[in-house]
Structures are given as structure tokens and as C-alpha cells.
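Working notes for the structure below.
The values are calculated or read from the model by the stated rules, or taken from the named source; none is laboratory data. Note that the structure is predicted; figures quoted are calculated from it, not measured. Glycine gets a Cβ as well: all are built from the backbone with ideal geometry, and neighbour counts include every protein chain shown.
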Amino acid sequence: MVKKDRIDEINLVRAFAIIGVLMVHSTSNAVTEAVASSYFAVYNFANIFFKFGTPTFILLSSFVLFYNYYDRPLDKTLIGSFYKKRLLYILLPYLIFSTGYFFMLHVLYYPNRALGDTLASFAVKLLTGKAYAHLYFVFISVQFYLLFPLLLYVFKKWPRLTLWLVPIGFAVQWGFVLLNHFWLAVPNKGSWAFSYFAYYFTGAFMGVYYGVVKTWLKPSLDKLRSWRGLSWALLWAGWLACGLTHVWIWYAGRHDGIWYNTLWYELLWNLHTFLTALVLLQIAFALREWNRNAGIVRALGHLGIMSFGVYLIHPLFLFVYRHFPVSSAGWYHLWYLGGFVLALALSWLVVALAFRFVPYAWVVFGNVPAKYGRQPKPPAKEGAIPAGR
């Protein structure tokens with residue numbers, strides 16, 4: 001088996017994605033409470049333009065899995081190792097945080113609920129990713145993990161299918177969207193993996209054909225006047241056009257009460273976030289090419305490595321912070337900004353210190369490379385988790 005190169009750019013993209021998650025979550029109250037504010041356009045922009053977190057993490061997760069597994073023999077050993085890692089590094093932390101968040105909300109809001117009702121509620125929320133708002137993402141990920149060995153088998157058996165992964169992914173996703181829109185009306189549609197198949201299959205394509213993808217996306221001055229330079233210009237122009245239109249359509253609804261067919265929101269979200277993932281990967285290549293040892297590059301790389309833990313714990317800091325609102329109008333906007341800064345800084349600090357000083361911190365925060373922690377480690381991490389749509 002040929003040893004694969006480490007793709008350090010992925011951690012930079014993870015950092016961008018977790019920043020997007022925190023931006024969306026820290027402005028979720030502002031877009032409902034500050035509609036009359038002169039700064040509402042800023043809040044709406046932050047809340048919509050940064051909605052690339054979940055799709056980017058999904059694409060990265062699929063990318064890394066197919067990059068690592070596609071060229072390996074598909075046997076019982078590989079499948080067993082795959083599920084063992086998902087159980088230890090994703091489902092175990094998910095179980096711990098789901099229990100913690102559920103207990104916190106129970107004590108604060110449902111202290112008199114009967115034990116039987118409490119246990120039944122916990123079981124349902126644990127199995128559907130609803131113990132807290134952001135944990136639905138693990139529910140989506142588990143669905144993909146169940147499908148992954150089957151998809152890997154199919155794509156290895158019929159390798160020509162891999163050339164069509166991107167259009168197949170869009171076809172499956174939009175088949176589900178349209179079926180749900182006109183006939184099914186599935187509750188919590190965003191909690192089903194079919195809503196993200198364009199990202200899953202694009203990530204799979206990138207994992208299988210990483211060399212081709214890297215050659216296309218990696219920026220250099222000598223390529224600017226080639227067809228690649230033109231394709232980059234079209235990529236960035238399409239990204240900005242879709243992103244800003246996505247922001248505008250939500251502003252029109254939230255601020256002016258002008259709402260459109262839900263399919264327009266679905267389409268703009270899909271195009272905006274899909275193109276964002278590609279743009280972020282190109283930015284990551286550019287940063288690494290510029291100066292991989294620069295402070296900002298190293299800091300973003302570290303944040304990306306800690307991103308799963310940050311994803312799991314940051315709502316706790318936002319929850320506490322929001323119980324201490326400011327009364328002065330002059331501090332109102334700084335208070336919202338403070339929520340983002342505090343959630344990012346404290347989450348990052350707590351997770352980093354845990355891995356540095358707490359034995360077996362992976363039980364709570366997932367796995368990171370051994371050099372970032374003092375505890376003994378099982379095999380290294382392969383996939384990515386986090387985000388908020």
C-alpha cells in the first residue's frame with residue numbers, strides 16, 4: 001500500500017469552517033432581536049454568508065475518508081478499524097456532550113418532569129442528535145458512516161462511477177429536496193444525509209482524484225493566464241454572486257417581509273456553500289504556499305486540529321454568556337461581538353489545555369495528533385466533524 005501524503009491544508013479549511021459555525025451561532029439571536037437596528041444588515045450578512053460550516057465539514061470528512069481508504073483493500077479488518085475509530089473518537093464524545101447538555105437543560109427548565117418522561121426524552125434526542133441544537137450534525141455523520149463501506153465497495157468495483165460523483169451527488173440531493181418539497185414533507189429535512197449528498201460525493205471525488213484537484217486549485221502566477229486562471233476567476237465570481245444573493249434574499253425576508261419559494265433558498269444555500277468549500281481550499285493552498293510557518297497559518301492550523309472539540313463545547317459558553325446581556329444601548333453591538341470572540345477563545349483554550357494536560361482528553365473531545373496531547377493514543381484521526389448549517 002502506497003503511503004499517502006499528509007494534507008495540511010485541510011486543517012486550515014477546518015479552521016475556516018469552525019469560525020463560520022461560531023459566527024452563525026453567535027448571531028442567531030441578533031437576526032431576530034435586532035431587526036430594527038441600523039446594523040441589521042451586518043448581522044444578517046454574518047449569519048448567512050458564514051453558513052458554510054456544516055457543508056464544508058461534510059465535504060472534508062468525505063474527502064479525507066476516501067483519500068485514506070479508497071486505495072486500501074476492503075476487508076473485515078479495514079471495516080472494523082473504521083467503525084472502531086468512529087465509535088471512540090466521535091460517538092463517545094457525542095454521548096458525553098449529549099448527556100451533559102440534556103442534563104443542563106433538564107435542571108434549568110424541566111426539574112419537575114417525571115423520571116420516565118425524562119429518560120424517554122433523552123433516548124429520543126440522543127438517537128436523533130437533538131440533545132442540543134448543534135448536535136444534529138453527528139446524526140448526519142452517523143448516517144454517512146453507515147453508508148460508507150457500501151459506497152466504498154461500489155466505487156471500487158465500478159471505478160468509472162467515480163468520474164461522475166459530483167453530478168450524481170447533486171442529482172441525489174436535489175431528488176430528495178424536490179421529493180420532499182412536493183410530496184413527502186419530511187420533518188427536520190436538514191437532519192438527513194440526503195440533504196448533503198452533493199458535498200459527500202464531491203468530497204469523495206476529491207479524495208479519489210486529489211492529485212487532479214490539487215493541480216487545479218493550487219494557485220500560482222504562471223497559471224493565471226491559462227485556462228486554470230479563467231476557471232479560478234469564474235469560481236470566485238460565482239462564489240461571490242451566489243453568496244451575496246443568498247445574503248440578500250434572507251435580508252429581504254427578515255427585514256422587509258418579502259419571502260420567496262423555499263426552493264430558491266435551498267438552491268442559493270447549496271450553490272453558495274458548495275462554492276465556498278472550493279474557495280476555502282484554494283485559500284488554504286495559497287496560505288501554505290505563501291508561508292507555512294507564518295503565525296496566522298500556524299494558528300489556523302492549530303484551530304483546525306482542535307475544531308471538533310471547539311464545535312462540541314462552544315454552545316456552552318454562548319449559553320452562559322447570553323444570560324448576562326447588557327442594558328446599555330451603547331454596548332449592545334459590542335456585546336454580540338463579544339459572544340463570538342468569547343466562544344471562540346474559551347472553547348479553543350479549554351480544548352487545547354485539555355489535550356495538553358488532561359490524560360485521555362480524546363474521550364471527551366475526540367482525537368488529535370499525538371504531539372498535541374500527553375495521553376496515550378490509539379491510531380491517528382482521519383475524518384472531520386463539526387458545524388452548523
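When residue 62 is tested against the conditions (1) touching a helix residue (DSSP H, G or I) at 6+ places or on another chain (Cβ under 8 Å); (2) at pLDDT 95 or above; (3) more than 30 Å from residue 157 (Cβ to Cβ), the lone failure is (3). Within the range 41-59, being modelled with pLDDT of 95 or more and more than 20 Å from residue 7 (Cβ to Cβ) holds for 41, 42, 43, 44, 45, 46, 47, 48, 49, 50, 51. Restricted to the range 222-238, and to residues there that are among the aliphatic types (A, V, I, L, M) and surrounded by fewer than 16 Cβ atoms within 10 Å (Cβ to Cβ), the residue that is farthest from residue 276 (Cα to Cα) is 224.
Residue by residue, here is whether (1) in a loop (DSSP other than H, G, I, E, B); (2) surrounded by 21 or more Cβ atoms within 10 Å (Cβ to Cβ); (3) not basic (Lys, Arg) holds:
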site: 51; (1), (2), (3): yes, yes, no
site: 59; (1), (2), (3): no, yes, yes
site: 63; (1), (2), (3): no, yes, yes
site: 78; (1), (2), (3): no, no, yes
site: 92; (1), (2), (3): no, no, yes
site: 100; (1), (2), (3): no, no, yes
site: 106; (1), (2), (3): no, no, yes
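From the set of residues in the range 309-340 that are under 24 Å from residue 130 (Cα atoms) and among the β-branched types (Val, Ile, Thr), which is surrounded by the most Cβ atoms within 10 Å (Cβ to Cβ)? It would help to see each step written out before you state the result.
Restricting attention to the range 309-340, the residues satisfying the condition of being under 24 Å from residue 130 (Cα atoms) are 309-323, 339-340.
So of that shortlist, the ones also among the β-branched types (Val, Ile, Thr) come out as 310, 313, 320.
Values: 310: 28, 313: 21, 320: 12.
Ranking the candidates gives 310 first.
If you go through the range 1-28 and pick out every residue that is over 21 Å from residue 275 (Cα atoms), touching a helix residue (DSSP H, G or I) at 6+ places or on another chain (Cβ under 8 Å) and not small (Gly, Ala, Ser), you end up with 3. The residue that is surrounded by the fewest Cβ atoms within 10 Å (Cβ to Cβ), counting only those in the range 108-133 that are part of a loop (DSSP other than H, G, I, E, B) and of a type in the set (Lys, Arg), is 113.
Within the range 38-49, restricting attention to residues that are polar (S, T, N, Q) and part of a helix (DSSP H, G or I), the residue that is nearest to residue 308 (Cα to Cα) is 47. Evaluated against (1) over 19 Å from the mean Cα position of the chain (by Cα); (2) surrounded by 19 or more Cβ atoms within 10 Å (Cβ to Cβ), residue 37 falls short on exactly one condition, (2). I'd like to know if the range 11-30 contains one or more residues that are part of a helix (DSSP H, G or I), surrounded by 19 or more Cβ atoms within 10 Å (Cβ to Cβ), at pLDDT below 95 and not aromatic (Phe, Trp, Tyr). So far as the range 11-30 goes, yes, one or more of its residues are part of a helix (DSSP H, G or I), surrounded by 19 or more Cβ atoms within 10 Å (Cβ to Cβ), at pLDDT below 95 and not aromatic (Phe, Trp, Tyr).
Starting from residues that are among the small types (Gly, Ala, Ser) and modelled with pLDDT of 95 or more, keep the ones in the range 137-194 and report whichever is surrounded by the most Cβ atoms within 10 Å (Cβ to Cβ).
That would be 169.
Entry remark, the range 175-234: residues being assigned to a loop (DSSP other than H, G, I, E, B) and within 18 Å of residue 151 (Cα to Cα) number 2 in total. All conditions but one from (1) surrounded by 22 or more Cβ atoms within 10 Å (Cβ to Cβ); (2) at positive phi; (3) of a type in the set (Ser, Thr, Tyr) apply to residue 360; the one that does not is (1).
Give all pairs with beta carbons closer than 6 Å in which a residue from the range 182-195 that is within 17 Å of residue 270 (Cα to Cα) meets a residue that is in a loop (DSSP other than H, G, I, E, B) and modelled with pLDDT under 85; count only pairs at least 6 apart in sequence or on separate chains. That search, which allows pairs on different chains as well, returns 190/389. Selection of helices (runs of 4 or more DSSP H) fully inside the range 242-330 by the criterion of at least 1 residues being in contact (Cβ under 8 Å) with a residue 24 or more places away in the chain and closer than 30 Å to residue 178 by Cβ returns 262-291.
Answer with yes or no whether residue 343 is surrounded by 16 or more Cβ atoms within 10 Å (Cβ to Cβ), small (Gly, Ala, Ser) and within 30 Å of residue 38 (Cβ to Cβ).
Details: surrounded by 16 or more Cβ atoms within 10 Å (Cβ to Cβ): yes; small (Gly, Ala, Ser): yes; within 30 Å of residue 38 (Cβ to Cβ): yes.
The answer is yes for residue 343.
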